[in-house]
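Colleague: Got a structure here, written out as structure tokens. Questions coming.
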Amino acid sequence: MKDSNPSTEPIGQNLIKLISNLCFSVFVFSVLIITVIAITYQPPDPWLESAPALTKLFTESENATFQNDNSILKTGEDLTLGKAESPASGPVGFSITEAVIEKTEERIANLTAKSDSGCDESRVLNCSDPRVLLAVEKFNLRVFKSIVFLDYQTPVNGSKEEECDVSWRFRNKKEKSWRKYRDFRRFRLGVGENCTYKVVHAGGWHSGINARRSRSRISNATKGRPSSPKTAPPVQDEEINDTIPSLGSEMNFRKGKYLYYSRGGDYCKGMNHYLWSLLCGLGEAMYLNRTFVMDLNMCLAATYNPSNKDEEGKDFRYYFDFEHLKEVASIVEEDVFLRGWKKWDRSHKRKLPVRKVVSHKMTPMQLKKDKNTVIWRQFDAPEPENYWYRVCEGQAANYIQRPWHAIWKSKRLMNIVSEISGNLDWDFDAVHVVRGEKAQNKELWPHLDSDTSPEAILAKIKEIIQPWRNLYVATNEPFYNYFDKLRSQYKVHLLDDYKELWGNKSEWYNETMILNNGRPVEFDGYMRVEVDTEVLYRAKTRVETFYNLTKDCKDGINTC
């Protein structure tokens, strides 16, 4: 019997075929899209990330990126260390604590008890008496709670019979580096209970000039220059050793393995860009187990110069701690390396084995087993293909760890930070005021200019900071008197109040002159940012522009 509806079967089969073809087409198209994404995808470039994302990454991860904010600069000593790296657990981690003082006090009490001499309150003060130092240690520990005291020198006589000058080395608790700083102060002492001494009065920062250690390394830049009889001659910080090491013997040079980056498009870019690229190179050298060839010559971008022009001829050591970098990374200075290379080629028939790499697309993983003495990465392509940091993009980002711990701020600049903080007796609050180009750009930051007016700042910080506190203002506002209205209720301090710390009679001035072959070095905008950053971090209470003074977003409208 024939089917009463002969067209039913063909229509059903056609519908099934149509659906199958459609599904197959969708599948093929999806595979094509996924393939294209897989080929072209690059992980987000941190240089283009928003500042909040960068801040989170920079503070929470050791392999962190830079912040896109020129008014604040975080480096390795600002990062929180792991427990294994805590200063208290390090080789130089001993500090003067209450427990240490108690043991010393017990020992001195036992010695005093065995002595036949009574306690004569009219006795002449002997500054070398261990009880004098004990009194100073107890006083400092009680007063300067933000300081870790590392060691003391034996007290010496002050200017009067009841005075002693005492010197010590210390570190601020908020600094994560191993570096030590010095202070020396004058103390007036009186007799306490049980033959002990007590501090009656303490002088200010660097007031104990008799305890200032005489140092032989007087700056060559000051030779022949008459010095004031009232002040000690400028001297070099003995704990800074940023000399450029030599290569050693020719044979040692030949046995080495080197990674050499030629100058690329990063030159004269912003400092955040520079650090991001430099740390990529250092990270690749560590991954390849090679010595990184380091060019100490820098170009400071126009944004940091009053002339608004790029300035070449800057030295890495003006801004960063070269001594620390030498300790944690295998590096050789570029000129030293090139002289060694030329010397080898002149004295040997067989040239130094060199592999030239002309594209950042040649990954570190592909170079891992390379046996050549020198891997020479050349960056001759147009921007942005000639940026160093391109080497660490893509899959390389999974293998290259940027050594942020290797970059610390210059110890010379950190000495200025300690001078400013010490002059404020480590007891101050701070406000970070971002103005400049952002305050002028009403499209991206519509309220910033009015929210950072002196009246608005004063009204806001009165809610947070007690009146008549020492208030340090870290800012890129160029007009010194802009914050005068704050002086009606606070003891205001600005970086320019301390110009003598980098003036032509300062240690910083003389030591940087040595690095610059006897020529003066300008205290430029980037140095100001570094010092402002570190003083800001040492404040007891800190008020930020974004999230405190204004509701504008840090990176512009709709980016919070």
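The values are calculated or read from the model by the stated rules, or taken from the named source; none is laboratory data. Please read these numbers as outputs of a predicted model, since none were measured by experiment. Cβ coordinates were reconstructed from backbone atoms using ideal geometry, including for glycine residues, and neighbour counts include every protein chain displayed. Heads up: the accessible areas ignore ligands, DNA and RNA and are worked out on the full protein's heavy atoms, side chains in. Shrake-Rupley method; radii C 1.70, N 1.55, O 1.52, S 1.80 Å.
Colleague: Note the per residue figure in Å³ for the convex hull of the C-alpha positions in segment 274-418.
Modeller: Working: hull volume 20.8 nm³, N = 145.
Residue-normalised Cα hull volume stands at 143 Å³.
Colleague: For residue 469, what accessible surface area do you get with a 1.4 Å probe? Give it in Å², rounded to 10.
Modeller: 60 Å²
Colleague: Same structure, new question: When ligands, DNA and RNA are left out and all protein chains stay put, how many square angstrom of accessible area per residue does segment 330-444 have with a 1.4 Å probe?
Modeller: Details: 5600 Å² over 115 residues.
Ligands and nucleic acids excluded, the result is 49 Å² per residue.
Colleague: Right, something else. Structure shown: which of 74/554; 160/491; 462/551; 269/361 lie over 24 Å apart, alpha-carbon to alpha-carbon? Intermediate values should be presented prior to the final figure.
Modeller: Values: 74/554 16 Å; 160/491 31 Å; 462/551 18 Å; 269/361 22 Å.
In this structure, 160/491 lie more than 24 Å apart at Cα.
Colleague: If you don't mind, there's one more thing I want to ask. Rg(Cα) of segment 413-500 divided by 2.2 N^0.38 Å?
Modeller: Normalised by 2.2 N^0.38 Å, the Cα Rg of segment 413-500 equals 1.14.
Colleague: Mark the label point 7 Å from the Cα of residue 399 along Cα→Cβ and return the residues of segment 241-269 whose backbone N is within less than 17 Å of it.
Modeller: 258-260, by backbone N distance to the label point.
Colleague: Report in % the part of the accessible area of segment 245-403 that belongs to carbon and sulfur, leaving out ligands and nucleic acids; probe 1.4 Å. If you can, show how the numbers build up before the last one.
Modeller: Working: 3640 of 7480 Å².
Taking all protein chains in place, segment 245-403 shows 49 percent carbon and sulfur surface.
Colleague: Based on the Kirkwood radius over alpha-carbon pairs, what is the Stokes-Einstein translational diffusion coefficient of segment 491-560 at 4 °C with 1.567 mPa s viscosity, in µm²/s?
Modeller: Working: Rh = 14.9 Å.
For the chosen part, D equals 87 µm²/s.
Colleague: Using a 1.4 Å probe on the protein chains only, how many percent of the accessible area of segment 405-453 belongs to carbon and sulfur?
Modeller: Details: 710 of 1640 Å².
Solvent-exposed carbon and sulfur of segment 405-453 make up 44 percent of the total.
Colleague: By average Cβ neighbour count within 10 Å, what is the ranking of 278-286, 438-446, 345-353 from highest down?
Modeller: Details: 278-286: 24.6, 438-446: 15.8, 345-353: 9.7.
The densest-packed peptide leads the list: 278-286, 438-446, 345-353.
Colleague: Something else: If I ignore ligands, DNA and RNA and count only protein heavy atoms, how much of residue 513 is accessible to a 1.4 Å probe, in Å² to the nearest 10?
Modeller: Surface open to solvent at residue 513 totals about 20 Å².
Colleague: Could you pull the accessible area for residue 311 with a 1.4 Å probe, rounded to 10 Å²?
Modeller: 60 Å²
Colleague: Need the list of lysines near residue 342 for cross-linking: C-alpha distance under 26 angstrom, and skip anything on the same chain fewer than eight residues off.
Modeller: 255, 257, 314, 326, 351, 356, 368, 369, 371
Colleague: Students often check this: by mean Cβ neighbours within 10 Å, which of 192-202, 130-140 ranks highest, and how do the rest follow? Working shown, then result.
Modeller: Numbers: 192-202: 15.1, 130-140: 20.6.
Those peptides, ordered most packed to least, come out 130-140, 192-202.
Colleague: Could you run the Debye sum over the Cα atoms of segment 432-560, one equal point scatterer each and no solvent, and tell me log10 of I(q)/I(0) at q = 0.17, 0.19, 0.21 Å⁻¹, two decimals?
Modeller: Summing over Cα pairs of segment 432-560 leads to -0.94, -1.08, -1.24.
Colleague: Give me the aspartates and glutamates in straight-line cross-link reach of residue 349: C-alpha distance below 17 Å, same-chain residues under 8 apart excluded.
Modeller: 250
Colleague: Over all distinct alpha-carbon pairs, what is the Kirkwood Rh of segment 309-354 in angstrom?
Modeller: On the way: mean 1/r = 0.0749 Å⁻¹.
In segment 309-354 this quantity evaluates to 13.4 Å.
Colleague: Can you find, among 488, 474, 513, the residue sitting farthest towards the positive end of the charge dipole of segment 468-514, where Lys and Arg contribute +1 and Asp and Glu -1 at Cβ?
Modeller: 488
Colleague: What percent of all Cα-Cα pairs in segment 143-216 falls into each 5 Å bin, going from 0 up to the bin containing the maximum distance?
Modeller: 4, 16, 21, 23, 18, 11, 5, 2, 0
Colleague: If you don't mind, there's one more thing I want to ask. Determine, from the Cβ-Cβ distance of residue 244 and residue 371 and an R0 of 25 Å, the FRET efficiency 1/(1 + (r/R0)^6), rounded to the nearest 0.05.
Modeller: Working: r = 28 Å, r/R0 = 1.12.
Once the sixth-power term is evaluated, E becomes 0.35.
Colleague: Related question: How high is the relative contact order of segment 406-538, in percent, with contacts defined as C-alpha pairs under 8 Å that are six or more residues apart?
Modeller: RCO, segment 406-538: 30 percent.
Colleague: With a 1.4 Å probe and all protein chains left in place, how much accessible area per residue does segment 464-512 have, in Å²? Show your work: numbers first, answer last.
Modeller: Numbers: 2490 Å² over 49 residues.
Averaged over the residues of segment 464-512, the accessible area is 51 Å².
Colleague: I need the phi-derived Karplus couplings for segment 536-551: 6.51 cos²θ - 1.76 cosθ + 1.60, θ = phi - 60°, integer Hz, Gly and Pro marked x.
Modeller: With the stated coefficients, segment 536-551 comes to 4, 5, 8, 5, 6, 10, 10, 10, 9, 5, 7, 6, 10, 7, 9, 8 Hz.
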